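Input: a single structure, listed below in structure tokens.
No lab work stands behind these numbers, since they all come straight from the coordinates. Not measured: the values here are computed from a predicted model. Here the Cβ positions follow ideal geometry from the backbone for every residue, glycine too, while neighbour counts run over all protein chains shown.
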Ligand code: M6R
């Protein structure tokens, strides 16, 4: 949520900042701004809405710039204060000499604001961030030392922040600080960077130093200094970023979402790589650091996650219980953190997150750690905050996901859960060897089956065209595909803004059926041979009897349903237990094409941000 980039060095500062913000735009797009130190002044440029508006604004005013050598930039996802020009970052102190950009929420900003107003500070915006600018300027006026001013100020801030600061009188120095919000320093030759996430700097350097909470970075073009909030120098490890800049290109696809959907076969191959060598041998999951004897006795797992990751967790519950007979609770992180849970040292807590930065899940994980649970994190970002909290870490290796709607990271999470569930089953010896062998065999074939779906999407496109004018949808399923129904409906809501809700098919008659008529399409997910196939068929009949238009998502061998359904989407034949890894693909594509027909902003849907770093 929100994105920060800072740069000092020999390159064209404006281009570096705008490129960095472009690569972070998935984090927020309510407004954008940059501040430059140029001609012994701080110059601020801001625009409302998407980054393109800022680019145009700067293009128009380029003549005002002499030779900026450092700058900070920000894209905003509004929390305090509406999306408006005055609330856009960067924010300055009263005289405009000190400038800040900030991610996070300052919880005690009202008290600080009152105190600073009494001291004569003139506030212009409704943001919590502006308070930081005035507070730091006040501290700077006492010490004339920017680093010290930042140190003294952050000690007074409550809440979460990743903040970058510049001062007119301290040329080409950028100071960054963080607490509960990600920040890293990118190291270059004759240039250095600071950012809230790696895509901002990846085009320029692969060397990064990750800041931890309560750390402060001071960068100049030739130097990086990291200290704690008392000024003690810290010697931090420089890490090499695993990403390639090409990950940030659409590679000819119209949208990142479509590209990422098409990447899923390779993503699955990547996840399986090194885990299943031989279908007769065990799953190799050295990432799980719990002792085998403890795993054998394990009888309770809790999985916490949000959004799409929560849906992956639901599939995880189903298969861990089915394969390994271990009882699993799944809960939205935002619910877990506000109740008395029974988590204890004998619980395995699994946190699932694409970004590894979701604030609710981080808080939930911290609470679980306080209760001495073993914490296993399944994430696409092994460089994230959440990964750093993990006792065991399964990186899902889906590569950078740019589109706000999660697709390939979901599939990668599902495959990781299949591997984990089989691993637990092998340790506990709860599954028949032939069954396990067949499962592995089928798992390895998944990429080819997804390629088959992707090789001909005309049916899905036609279905999307037929149904794009409907205002409401119901998705129904039972058992393991209930999560697929929730996820399919979420995808449609997110990118087309159509009201879509997933229901257990059996629940339809307990209330939702009242909504059914010819204006409400019902999409049923049913896998031939599955335990609840016939029941879902009956539930679909019930919907038909109320004049609802029916769409089926089924597999190729299902020959008897064309009479009942108005439209049939098919996936290659697959066992029900593995089917969520296939059913998600047509559902992603259906949502994509409906949004595309409706002319929606597929990659950056309104009001959303890729990583939700506020609770
Ligand atoms: O990064 P996370 O997986 O923790 O994010 C959780 C949700 O915010 C995320 O899945 C969200 O629902 C996506 N927009 C789904 O497409």
For this session: Determine the gain in length on full extension of the stretch residue 497-residue 63; use 0.36 nm per residue of separation and subtract their C-alpha separation, reporting nm with one decimal.
Result: 152.1 nm
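Going by average Cβ density within 10 Å per residue, which order do the peptides 348-357, 602-611, 63-72 take, highest to lowest?
Working: 348-357: 28.3, 602-611: 20.1, 63-72: 17.3.
Ranked from most to least packed, the peptides come out as 348-357, 602-611, 63-72.
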Problem set entry | Folded to 0 to 90 degrees: helix 458-467 orientation relative to the chain principal axis, Cα | 80
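Run the numbers for residue 40 and residue 189: contour at 0.36 nm per residue of separation, minus the present Cα-Cα distance, in nm.
On the way: separation 149, 0.36 × 149 = 53.64 nm, distance 2.42 nm.
Result for the pair: 51.2 nm of gain on full extension.
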For this session: Scale the Cα Rg of the chain by the rule-of-thumb value 2.2 N^0.38 Å and send over the ratio, two decimals.
Result: 1.02
Exercise. How far is helix 307-324 tilted, in degrees, relative to the longest principal axis of the Cα atoms in the chain, given as a value from 0 to 90 rounded to the nearest 10?
Worked result: 50
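Whole-Å semi-axes of the range 264-452's equivalent ellipsoid, largest first, each the root of 5 times a Cα gyration tensor eigenvalue? Walk me through the numbers before you get to the answer.
Values: eigenvalues 122, 87, 35 Å².
Calculated on Cα positions only, the semi-axes equal 25, 21, 13 Å.
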Problem set entry | Over 27 Å [Cα-Cα, the range 458-597], rounded percent | 9
For this session: In square nanometres and to one decimal, what's the mean projected area of the convex hull around the Cα atoms of the range 418-506?
Result: 7.9
Exercise. Points 7 angstrom from Cα along the Cβ direction at residue 284 and residue 388: gap in nanometres?
Worked result: 3.0
Exercise. For the range 353-453, what ratio Rg/Rh do Cα atoms give with a Kirkwood hydrodynamic radius?
Worked result: 1.03
Exercise. Under a plain spin-label model, where a point goes 7 Å from the Cα along Cα-to-Cβ, how far apart in nm are residue 372 and residue 437?
Worked result: 4.3
For this session: Compare the peptides 483-496, 409-422 by average per-residue count of other Cβ atoms within 10 angstrom and give them in order, highest first.
Result: 409-422, 483-496
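Ranking request for peptides 441-449, 394-402, 3-11: highest mean number of other beta-carbon atoms within 10 Å first, then the rest in descending order.
Working: 441-449: 17.2, 394-402: 23.3, 3-11: 26.3.
Final packing ranking: 3-11, 394-402, 441-449.
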Exercise. Between residue 445 and residue 345, what length in nm is gained on full extension when 0.36 nm per residue of separation is reduced by their alpha carbon distance?
Worked result: 32.2 nm
Exercise. Radius of gyration and Dmax for the range 3-247's Cα atoms, expressed in Å?
Worked result: 16.2, 51
Problem set entry | Helix axis angle, 408-428 relative to the chain longest principal axis, alpha carbon, degrees | 60
Problem set entry | Alpha carbon convex hull of the range 539-615, volume per residue in cubic angstrom | 177
For this session: Measure off 7 Å from each Cα along the Cα-to-Cβ vector at residue 429 and residue 82, then give the distance between these two points in nanometres to one decimal.
Result: 6.7
For this session: Work out the FRET efficiency for residue 563 and residue 126 from their Cβ-Cβ distance, taking R0 = 45 Å, and round it to the nearest 0.05.
Result: 0.15
